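A quick write-up on the structure given underneath.
The values are calculated or read from the model by the stated rules, or taken from the named source; none is laboratory data. Computed from a predicted model, the values in this text were never measured in an experiment. Positions of Cβ are backbone-derived with ideal geometry, glycine not excepted, and every protein chain shown enters the neighbour counts.
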Amino acid sequence: MTLWWISLALFFAYFIVYETIWGLTSYRRIMRAIAAGIMGRVSMYARMMAGLWAPTVLLGVLVALGRLSFADLGLRGLEFRGEAWLTCSASALALLYFAYLCYCLVALRINTAKGLSVSQPLPAEIRALLPVTRREKRAWILTALTAGVTEELLFRGFLFYLLGTLFPALPAAAILGISTLAFGIGHLYQGPAEAIKPMLLGAVFGAFYLAFGAILPCILLHAMQDLCATDMMNEAAD
């Protein structure tokens with residue numbers, strides 16, 4: 001049990017120091033560096049991926065040592081775990097969002113192929129993050145896949161297991177709320193209004209995970225969401 005208390009402390013230390021404080025204090029500085037040509041977006045994506053993979057690798061170490069299993073992280077098949085209303089609601093939301101993401105990905109690709117403008121009226125904090133050149137878009141694809149895998153394993157799979165193990169009397173709704181809030185706060189660097197979107201998505205992913213106990217569909221939806229940003233900006237020369 002001591003291991004899980006240490007893990008919980010490390011998780012929130014990582015979350016507070018890296019995801020929140022570093023994001024809030026460093027993101028605008030990085031934006032200025034990108035605008036001045038001092039830093040490229042590809043370098044920024046590499047830093048983001050390193051920051052996400054570091055704690056996820058530690059989960060792999062725990063699995064290798066036998067202290068954690070893949071099933072504990074939600075890497076298993078679908079099973080009906082919640083009440084009927086939760087199962088139906090989570091399934092409907094997930095399917096609707098999947099259909100919406102498929103539409104977005106296809107529409108963006110068609111517009112890009114036709115040479116139509118796909119630039120979006122986005123806040124400066126978001127525009128600085130999105131890829132523009134072909135090279136940046138290739139790097140962004142890797143970043144999107146990384147975020148889909150690592151953030152779901154950390155914020156849904158591991159955090160749900162950790163809280164459930166340390167606080168067995170804690171209701172599932174409370175665990176969902178803690179995970180959702182942490183996930184939203186971790187995106188405050190994008191601006192308070194923009195952080196609400198990942199918070200809501202985190203609630204949907206978390207509800208699906210509670211209903212079915214499988215993390216792979218959440219990873220798929222998360223990665224698709226980030227991949228939609230690949231063609232949201234007009235392409236410039238490499």
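Just a few scattered comments:
- Of all residues in the stretch 180-208, those that are part of a loop (DSSP other than H, G, I, E, B) have Cβ atoms under 6 Å from Cβ atoms of residues that are of a type in the set (D, E, K, R), 6 or more apart or on another chain, in Gly186/Glu19; Gly191/Glu125.
- Given (1) among the hydrophobic types (A, V, I, L, M, F, W, C); (2) closer than 29 Å to Leu108 by Cα; (3) part of a helix (DSSP H, G or I), index of the condition Phe158 fails: (2)
- Tallying residues that are part of a helix (DSSP H, G or I) and over 24 Å from Ala195 (Cα atoms) within the stretch 163-179 yields 3.
- Identity of the residue in the stretch 56-113, in a loop (DSSP other than H, G, I, E, B), within 22 Å of the chain's Cα centre (by Cα) and not hydroxyl-bearing (Ser, Thr, Tyr), that ends up surrounded by the fewest Cβ atoms within 10 Å (Cβ to Cβ): Gly77
- Residue pairs meeting the criteria (Cβ under 8 Å; at least 6 apart or on separate chains; first among the acidic types (Asp, Glu), in the stretch 4-19; second surrounded by 15 or more Cβ atoms within 10 Å (Cβ to Cβ)): Glu19/Ile185; Glu19/Gly186
- If you go through the stretch 184-234 and keep only what is of a type in the set (D, E, K, R) and under 13 Å from the mean Cα position of the chain (by Cα), you end up with Lys197, Asp226.
- Taking the stretch 1-32 as the range and being surrounded by 12 or more Cβ atoms within 10 Å (Cβ to Cβ), of a type in the set (Val, Ile, Thr) and at pLDDT 80 or above as the test, only Ile30 passes.
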